[in-house]
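Inspection log for the structure reproduced underneath, given as structure tokens.
The values are calculated or read from the model by the stated rules, or taken from the named source; none is laboratory data. Since this is a predicted model, take the numbers as computed values, not measurements. In this analysis, Cβ positions are derived from the backbone assuming ideal geometry, glycine residues included, and neighbour counts consider all displayed protein chains.
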Amino acid sequence: MQKIYIKLEDVCVSYNTNVGMLDRIVAHLKKESIIREINSLKNINLNLIAGNRLALIGQNGAGKTTLLKTLAGIYQPKSGSVTSQGRVSTLLNLSMGFIPYDTGLMNISRKLLFMGLSKQEIKDSIPGIVAFSELGEFINLPVNTYSSGMRMRLAFATATCIDPEILVMDEWISTGDRTFLNKVKDRLESYVEKSEIVVFASHSFSLLRDVCNKGAVLQNGQIKFLGAIEDALKYYNSEIIDRKHRFDKAKENKQKDFKLEKAIFLLEQVRKGGNIKGSSRQSEVIKANKLIEQYLNDET
């Protein structure tokens with residue numbers, strides 16, 4: 001039996017940002033290069049083995065989705081290495097690879113081919129996919145004639161038709177009507193249970209606790225903490241969320257202090273008889289008193 005694992009060593013992922021027209025013109029006139037590179041992941045090290053269920057925890061922009069796509073092979077690292085043993089299944093952008101003008105059946109075959117299935121495996125899988133999606137005769141119509149719910153049914157049924165070894169998943173999927181949602185929930189639970197390794201990004205702590213036994217806290221493209229799921233959630237709350245709140249509060253207080261300093265300055269200028277351009281002495285006094293009143297009432 002093969003050993004299932006996935007390993008990242010000093011992985012860095014970056015991308016080039018769009019540059020404004022004015023900057024491009026200036027760079028062209030100066031005959032300079034104007035490539036602006038953003039580092040999305042920085043020196044990521046992970047070693048996951050069978051039985052690991054890793055939660056990716058972090059605020060929007062922390063690098064969770066980029067890390068998932070790197071694990072799935074969608075993004076290639078700028079430096080470092082990603083090695084794995086076992087078939088990687090992804091539940092990210094489910095409709096990725098679907099061509100709107102092709103029929104549902106043609107899209108199923110193409111998607112399964114991209115997933116690495118043989119011709120016989122594809123043939124064997126199609127009846128189950130069609131039955132689970134409940135699309136019936138619509139399976140022979142172009143996907144661009146489907147409703148959004150029908151497209152998601154087809155995509156979910158296709159993406160989950162094989163037993164995964166390494167599962168990479170972004171958020172918990174909910175699609176279709178209430179009856180179909182029960183089928184989705186049951187299949188997802190089975191899908192996760194059958195996976196040897198799971199990497200799951202979500203903002204729902206309850207889901208992360210249900211699914212995962214380990215947690216990695218990301219911030220600015222770096223892993224700040226890696227450990228047991230409860231320890232990771234505690235770290236995230238205390239070191240990321242609480243610290244951000246303290247920073248925001250300090251910034252808010254600094255703005256209030258600035259307003260108070262401005263009010264005192266205005267009053268001092270009026271007291272000294274200073275000539276404040278464009279304003280009468282009375283209006284400046286009123287303005288200063290209002291700023292002081294806002295400060296005392298703890299208003300921003």
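Does I126 count as touching a helix residue (DSSP H, G or I) at 6+ places or on another chain (Cβ under 7 Å) and without any contact (Cβ under 8 Å) to a residue 24 or more places away in the chain?
Values: touching a helix residue (DSSP H, G or I) at 6+ places or on another chain (Cβ under 7 Å): yes; without any contact (Cβ under 8 Å) to a residue 24 or more places away in the chain: yes.
Spelling it out, I126 is indeed touching a helix residue (DSSP H, G or I) at 6+ places or on another chain (Cβ under 7 Å) and without any contact (Cβ under 8 Å) to a residue 24 or more places away in the chain.
Check L154 against each of (1) among the hydrophobic types (A, V, I, L, M, F, W, C); (2) surrounded by fewer than 15 Cβ atoms within 10 Å (Cβ to Cβ); (3) not in a loop (DSSP other than H, G, I, E, B) and name the one condition it does not meet.
(2)
Quick one: how many residues across segment 107-120 are under 16 Å from S89 (Cα atoms), touching a residue at least 24 places away in the same chain (Cβ under 8 Å) and either surrounded by 14 or more Cβ atoms within 10 Å (Cβ to Cβ) or not assigned by TED's automatic domain parsing to the domain that holds I162 (or both)?
Residues that pass the stated criteria total 5.
State whether one or more residues within segment 89-100 are of a type outside the set (F, W, Y) and at positive phi.
Taking segment 89-100 first, the residues of a type outside the set (F, W, Y) are 89-97, 99-100.
Those still in the list that are at positive phi too: 97.
Within segment 89-100, one or more residues are of a type outside the set (F, W, Y) and at positive phi.
Among (1) without any contact (Cβ under 8 Å) to a residue 40 or more places away in the chain; (2) over 22 Å from G116 (Cα atoms), there is one condition A201 misses while meeting the rest; what is its number?
(1)
Condition first: out of contact with any Leu (no Cβ under 8 Å at 6 or more places or on another chain) and either of a type in the set (D, E) or closer than 24 Å to S190 by Cα (or both). Now tell me which residues in segment 96-109 satisfy that.
Correct list: M96, D102, S109.
Which residue out of E230, E196 is closer than 20 Å to S84 by Cα, of a type in the set (D, E, K, R) and in contact (Cβ under 8 Å) with a residue 12 or more places away in the chain? Lay out the reasoning, then the answer.
Values: E230 fails: closer than 20 Å to S84 by Cα.
Just one listed residue meets the conditions, E196.
Test N182 against the criterion of being part of a helix (DSSP H, G or I) and either modelled with pLDDT under 85 or not assigned by TED's automatic domain parsing to the domain that holds C212 (or both), and give yes or no. Full working, then the answer.
Numbers: part of a helix (DSSP H, G or I): yes; either modelled with pLDDT under 85 or not assigned by TED's automatic domain parsing to the domain that holds C212 (or both): yes.
It is true that N182 is part of a helix (DSSP H, G or I) and either modelled with pLDDT under 85 or not assigned by TED's automatic domain parsing to the domain that holds C212 (or both).
Tell me, which residue of segment 105-126 that is within 28 Å of the chain's Cα centre (by Cα), in a helix (DSSP H, G or I) and not basic (K, R) is nearest to N144 (Cα to Cα)? Break it down into steps so the answer makes sense when it comes.
Of segment 105-126, the ones within 28 Å of the chain's Cα centre (by Cα) are 107-108, 110-116.
Subsequent filtering for residues that are in a helix (DSSP H, G or I) retains 107-108, 110-114.
Now restrict to residues that are not basic (K, R): 107-108, 112-114.
Working: N107: 11, I108: 14, L112: 19, L113: 21, F114: 21 Å.
Among residues in segment 105-126 that are within 28 Å of the chain's Cα centre (by Cα), in a helix (DSSP H, G or I) and not basic (K, R), the one nearest to N144 (Cα to Cα) is N107.
Could you grab me the full set of residues in segment 76-91 that are crowded, with 17+ Cβ neighbours inside 10 Å and within 19 Å of F114 (Cα to Cα)?
S84, G86, V88, S89, T90, L91
Would you pick out the residues in segment 94-104 that are assigned to a loop (DSSP other than H, G, I, E, B), touching a residue at least 24 places away in the same chain (Cβ under 8 Å) and surrounded by fewer than 18 Cβ atoms within 10 Å (Cβ to Cβ)?
Applying the first criterion (assigned to a loop (DSSP other than H, G, I, E, B)) to segment 94-104 yields 94-102.
Okay, now just the ones that are also touching a residue at least 24 places away in the same chain (Cβ under 8 Å), so 94-95, 98-102.
Selection gives S95, I99, P100, Y101, D102.
Being modelled with pLDDT of 90 or more and in a strand (DSSP E or B) is the requirement here; does K69 meet it? Steps first, please.
Details: modelled with pLDDT of 90 or more: yes; in a strand (DSSP E or B): no.
So K69 fails the test.
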